[in-house]
Amino acid sequence: MPPPKDVVKIAIQMVGAIPQLIELQQTKPLASVLKDVCDAWSLPNAERYALQYADGRQTYITESNRRDIKNGSILRLTTSPDQEAERLYIGIQSKNVDVKTDSLKKLASLSQDVTFAQEFISRNGLKQIYSIVEEGNAAGEMLAHTLKAFTELMEHDFVSWENLSTVFIKKIVSYVNMNAVDASIQQLSLSILENMVPTSRLLFEVVKKEVTLDRLLTHLQATNAQLQLKAMALLIALLLSATDAERRDMMDYLREKNIRQFIHKNIIHSCEPLGDEMAHYLYVLQSVSLNLCEHRMKMSMDPYSQEQRDLLQSLRQTAFESESEVPAGTFSTERRRSLCAKEFRKLGFMNNSNPAEDLRRAPPGLLALDNMVYFSRNTPNAYSRFVLENSSREDKHECPFARSSIQLTLILCEILHIGEPCSETAQAFYPMFFGQDHFFEELFCICIQLVNKTWKEMRATQEDFDKVMQVVREQITRTLSLKPTSLELFKTRVNALNYSEILKLRQTERLHQEETLAVPVLELREKLKPELLELIRQQRLLHLCEGTLFRKISSRRRQDKLWYCRLSPNHKVLHYGDVEEGVQSPPIESLPEKIPVADMKMLLVGKECPHTKEKNSGKQNKDVLELAFSIVHDVEEYCLNFVAPTRYEFCLWTDGLNVLLGKEMTSERTQTDLDVLLSMELKLRLLDLENISIPDNPPPIPKPPSNLNFCYDFSHAEQ
């Protein structure tokens, strides 16, 4: 008979004593439980003791978290949080350097626990931490433990970052700006400043002023990967907290310092594999840089702006230079206006008498004009060839340059998500973005020539404009999905994917769809489904057994802390626990926490999850809601909360957990995988029927013969 839900069987250890095996009554006050444990070991003053987990993060057991204790948990009897906080509060003020260092080391470890942190902060312990830093006497190991303890204590949000003194902030900044400082201290200092920047405008301005971009670039060029990562984290925090004007100035300065080329060469293509954290920061840097185009994208052309009119006229003059050089007095004003309108028509403007009207649509707004001007100035030969080649055609097959440019700019903005907020978890960046200055403009230059090439391949007319642009969008998205490492490689691949190749791909997809819709094939599909669904279930469970690294995300910032979760090989227990950066696949034995599958009640996803409903969680990013899921176990108020690193992981984990709960797999990935497996299996089964049309109805069954005399008599053959 299983034990009651309010009773858990646990072991309690104490140094120098034989462990106790007890049945913990969850309804019994914790003070009474401690009294019984202390009495068993003949220990007086039970109020001076507390229980904490013996493994993992060694969290203190309180009335609020005691329900997390599972059968088989190993606890340890230790000094109570208030006693420990008092002891360390005194220890960090000691004149003895060894005692002070040991106390700070212990403080840095215990400060991860919220109960201890509350006790220590209530004793004004942070003031002592401030003093140690502000006095400037600590160095080396002592200073590293001090900064680590400060970081962990601030993590609990009991104290506002705005309460920090100017002296303290400048001291932290000095550790970042000095050369002769241990790398671990610089990492911690960069991390503290990264946390500080988003909390208030004042702190942002202080950090931006004191830590120059040149200094951050120096740290980015360090060989220490962790120092490089923390410097990138602070740079991203500054960019995200800056105003649009400040962000533009910062990005302009970084461009002058060739940060893209450095990242492309020394981070993306370095010997060390790119970690998830750095991949996310590169994605944000790419997104922030591309979003600088948003202002021009949303701005319509002002026909009264002389600057914008000059840009528009420069397109005409560059394309028809010899005609534009005719002296002003040669033609009347009306004749010149007629000539200009004719040239703008040749350029492909819909409204040739007032081409500014074509650019009043926003998006793409003035960004389209900027792209056209960039193309005309930086690749004048290609520009002239495009315009003159099409303006001289008389067969109605001319490709309109301006109209194509405006639509292409809009397509590129949509594909590259310009104007959309940065995701909190995404890691998908284009390596070629960092290999080229003026990436968006250069990409446009390649793609506008692709438009002309595809237009000719399709022998298109003006009526086919939308069809051509659909093909071009498909060419670009298919090529970008291959993640080319440079624009040159992109150019080669996108030009190789010509219209005939697109037709072949579409034909293959259409034929595949048609052959899979025949009635006999549909019946075969239904027959194969159960077997293939079982195969998918096994794959999902196998993925859960391999485990996944999850990242803890708070409302304030993207966390550095990681935790790992994996299913036991017998599919009966989920094991999880905190891990350090760089750990790929920790063994089950190193994961202290566990949830029996039998105790799992339900799976919550998206907005239903408790960690997406917290009041202090701030405005939830859409992508976090799409990646969030929770396991409800024991009683409904206790959940294990996840934020998947990718949509792929979200699908595999939610499917696997549904399998464990005996429910249907509901993710879109299940349908995709099932379609792929069904397609492969059907192709193998129908291989002998290639080029043979499958009838919708089975052939008629012939009538039975009038006699069976045609049967062979084997008995005569044997004689």
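The values are calculated or read from the model by the stated rules, or taken from the named source; none is laboratory data. Treat the numbers as computed from the prediction; the structure is a model and nothing was measured. For neighbour counting, all protein chains shown are included, and Cβ atoms are generated from backbone atoms with ideal geometry for every residue, glycine included. In case anyone asks, the SASA skips ligands and DNA or RNA and just uses the protein heavy atoms, side chains included. Shrake-Rupley method; radii C 1.70, N 1.55, O 1.52, S 1.80 Å.
With the cut-off at 1.5 for a/c, could you classify region 201-254 from its C-alpha gyration tensor as rounded, prolate or oblate? Here region 201-254 falls in the prolate category. Geometric descriptor of region 530-671, per residue, is 110 Å³ (volume of the convex hull of the Cα atoms). Taking all pairs of different Cα atoms in the chain, averaging 1/r and flipping that mean, what Kirkwood radius in angstroms comes out? Hydrodynamic radius (Kirkwood, Cα only) of the chain equals 31.4 Å.
What pairs in Lys298/Lys483; Lys572/Lys613; Lys456/Lys491; Lys106/Lys171; Lys561/Lys663; Lys342/Lys396 have C-alpha atoms more than 25 Å from each other?
Values: Lys298/Lys483 28 Å; Lys572/Lys613 30 Å; Lys456/Lys491 18 Å; Lys106/Lys171 23 Å; Lys561/Lys663 32 Å; Lys342/Lys396 16 Å.
Flagged as over cut-off: Lys298/Lys483; Lys572/Lys613; Lys561/Lys663.
Treating each Cα of region 404-495 as one equal point scatterer and applying the Debye formula with no solvent, the log10 of I(q)/I(0) at q = 0.10, 0.11, 0.12, 0.17 Å⁻¹ comes out as -0.27, -0.32, -0.38, -0.74. The residue among Ser174, Gly136, Gln93 whose Cα reaches farthest toward the positive pole of the charge dipole of region 83-272, with charges on the beta-carbon of Lys, Arg, Asp and Glu, is Ser174. Close amide-amide hydrogen proximity is noted between Val573 and Ser568, Val597, each under 5 Å apart and 5 or more residues distant or on a separate chain (H modeled in the peptide plane; Pro and chain starts excluded). Under the rule of at least 5 residues apart or a separate chain, name every residue whose amide H is placed under 5 Å from the amide H of Tyr49. When sequence neighbours closer than 5 places are left aside, the close amide H contacts are Ser80.
If exposed chymotrypsin sites (Phe, Trp or Tyr not before Pro) are those in a DSSP loop with at most 10 other Cβ within 10 Å, what is the longest stretch of the chain that has none? Within the chain, the longest run free of exposed chymotrypsin sites (Phe, Trp or Tyr not before Pro) spans 305-709. Counting 0.36 nm for each residue step from Glu523 to Asp182 and taking away their Cα separation leaves a gain of 115.9 nm. Using the rule -39500 (n - 2.57) for each DSSP H run of four or more residues, divided by the residues of the chain, the 222 nm mean residue ellipticity is -16500 deg cm²/dmol. Here the Karplus relation 6.51 cos²θ - 1.76 cosθ + 1.60, evaluated at θ = phi - 60°, turns the backbone of region 18-28 into coupling constants of 6, x, 9, 9, 10, 9, 7, 7, 5, 7, 7 Hz, with x for every Gly and Pro. The share of Cα pairs per 5 Å bin across region 370-410, counted from zero up to the longest distance, runs 5, 23, 28, 26, 13, 5, 0 percent. Size of region 7-79 from its Cα atoms: along the principal axes, largest to smallest, the extents are 27, 24, 19 Å.
For region 7-79, relative contact order (Cα pairs under 8 Å, six or more residues apart, normalised by length) works out to 41 percent. Principal axis extents of the Cα atoms in region 83-272, from largest to smallest and rounded to whole angstrom, are 54, 35, 27.
Taking square-rooted eigenvalues a ≥ b ≥ c of the alpha carbon gyration tensor, is region 96-135 rounded, prolate or oblate, where a/c under 1.5 means rounded and, failing that, a/b exceeding b/c means prolate? Oblate, because a/c is 1.5 or more while a/b does not exceed b/c.
Taking Lys28 as the anchor, which lysines have their alpha carbon closer than 24 Å to its alpha carbon, excluding any fewer than eight residues away along the same chain? The reachable lysines, counting only those whose Cα sits under 24 Å from Lys28, are Lys5, Lys9, Lys70, Lys594.
Mean separation of Cα pairs under 8 Å and 6 or more residues apart, divided by the residue count, gives region 83-272 a relative contact order of 15 percent.
Counting only protein heavy atoms and using a 1.4 Å probe, what share of the accessible area of the chain belongs to carbon plus sulfur, as a whole percent? Please report the intermediate quantities before stating the final value.
Working: 19160 of 37140 Å².
Using a 1.4 Å probe with all protein chains present, the chain comes out at 52 percent carbon and sulfur.
Here the simple spin-label model places points 7 Å from the Cα toward Cβ, and for Val676 and Leu542 these points are separated by 1.3 nm. Taking every DSSP bridge with both residues inside the chain, close to 90 percent are antiparallel. Distance from the alpha carbon centroid of region 95-152 to that of region 3-81 works out to 27 angstrom. Per residue, the chain exposes 52 Å² of accessible surface when a 1.4 Å probe is rolled over the protein heavy atoms with every protein chain present.
Overall shape of region 48-123 was characterised from the C-alpha gyration tensor. The equivalent ellipsoid obtained from it has semi-axes of 25, 12, 10 Å, in decreasing order. For Gly547, nonlocal amide neighbours, meaning residues 5 or more places apart or on other chains whose placed amide H falls under 5 Å from its own, are Leu567.
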